[in-house]
Structure formats: C-alpha cells, structure tokens
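Heads up: the structure comes next, in structure tokens.
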Amino acid sequence: MTTAAIIPSRTEVELAPSPIEPSWVRDGNPIARKSILSRSEDGTASTIVWECSEGSFDWFYDFDETIHFLEGSVVIEGDGLPPTRFGPGDVLFFKHGAKAHWRVESKVRKLAFCRTTQPRMVGFALRAMNKVKRFLMGSAATPSLAFR
C-alpha cells in the first residue's frame, strides 16, 4: 500500500470474484466481481468498483454505502423505497442496517464509497477535535469536509 496522500485510480480495472451470499439469491445466477480502489488508513472507508450480472438477490448493509451507477440497469426496493430503476449517473445511499432487494436487469457496474459507521459520540469527538485544531492553527489548517 502506498503512503502517498493523493492516489489516482480508474474505474476500468480488473475485477476479482466477489460471490453473493448464496442464501441471499432469489432468482437466476448473479455473478459479482469487484476491485478495491482505495482504503483509508484506519480501515473505516473504502472505494470499490463492483459489477454484477443479471439476477435477483437481497443485500444486507453492515456499513454506510453511497453508490454511483456507471452502467447497466437495476431495480432496487426495500426499507421504504418502492421498486425504483437505477442506471448510469444515478446515486443512491444505503445506511448501515438497510436491507434491499436487487433485481439486476442488465449487467450493472457501480462505484461504491463504503464507510464503517462509528458511534455518535466518536463522531462528535472527532468533529470537536478538528474544530479545536482549526482554531489553534488558524488559516494554515485545512478543514476536513468529512467533519464539518
């Protein structure tokens, strides 16, 4: 892993098998593959390219995930979301604990930003720490978008 602070990547990368839990599959034989493009130093955030062939399955989110669809078509429903079609350019956010049913109509490819949810008090402490840091460092400090 590189120690660089800025790491470029592309979404057109070789993907490795990433099988869907067999008990989650409802219909067809969806085949999923992925590649991890980046991971935060503390391991709580990552960026992934993921694709899946046609099929139908449930998905259970054990972290927050923001998805930007790159290609294909999928109908997703669950946790208050009626069946909704998503495709290239669409963005969708799943909170930790969400459950969704995916029906992939044509091979779907997405860019996913995943983050392990921290307890509310940890997030509060980090925001407070960053605010104090910015105050002490004055204009030399660069505010972090994640903790505003």
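The values are calculated or read from the model by the stated rules, or taken from the named source; none is laboratory data. Keep in mind that this is a model prediction, so the values were computed, not measured. Here the Cβ positions follow ideal geometry from the backbone for every residue, glycine too, while neighbour counts run over all protein chains shown.
Yes/no per residue for (1) modelled with pLDDT under 75; (2) within 22 Å of residue 30 (Cα to Cα):
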{"residue": "86", "(1), (2)": "no, yes"}
{"residue": "99", "(1), (2)": "no, yes"}
{"residue": "106", "(1), (2)": "no, yes"}
{"residue": "110", "(1), (2)": "no, yes"}
{"residue": "117", "(1), (2)": "no, no"}
{"residue": "123", "(1), (2)": "yes, no"}
{"residue": "130", "(1), (2)": "yes, no"}
{"residue": "133", "(1), (2)": "no, no"}
{"residue": "137", "(1), (2)": "no, no"}
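Among the conditions (1) on the phi > 0 side of the Ramachandran plot; (2) surrounded by 13 or more Cβ atoms within 10 Å (Cβ to Cβ), residue 89 misses just one, which is (2). Could you list all residues from the stretch 15-46 that are loosely packed, with under 10 Cβ neighbours inside 10 Å and modelled with pLDDT of 95 or more? Within the stretch 15-46, 16, 17, 22, 23, 29 meet the criteria. Can you name every residue in the stretch 16-56 that is over 23 Å from residue 101 (Cβ atoms) and either outside any loop (DSSP other than H, G, I, E, B) or free of Cβ contacts under 8 Å to residues at least 40 places away in the same chain (or both)? Correct list: 16, 35, 36, 37, 38, 39, 40, 41, 42, 45, 46, 47. Please verify whether the stretch 83-94 includes one or more residues that are in a strand (DSSP E or B), over 17 Å from the mean Cα position of the chain (by Cα) and within 27 Å of residue 17 (Cβ to Cβ). Yes, because at least one residue in the stretch 83-94 is in a strand (DSSP E or B), over 17 Å from the mean Cα position of the chain (by Cα) and within 27 Å of residue 17 (Cβ to Cβ).
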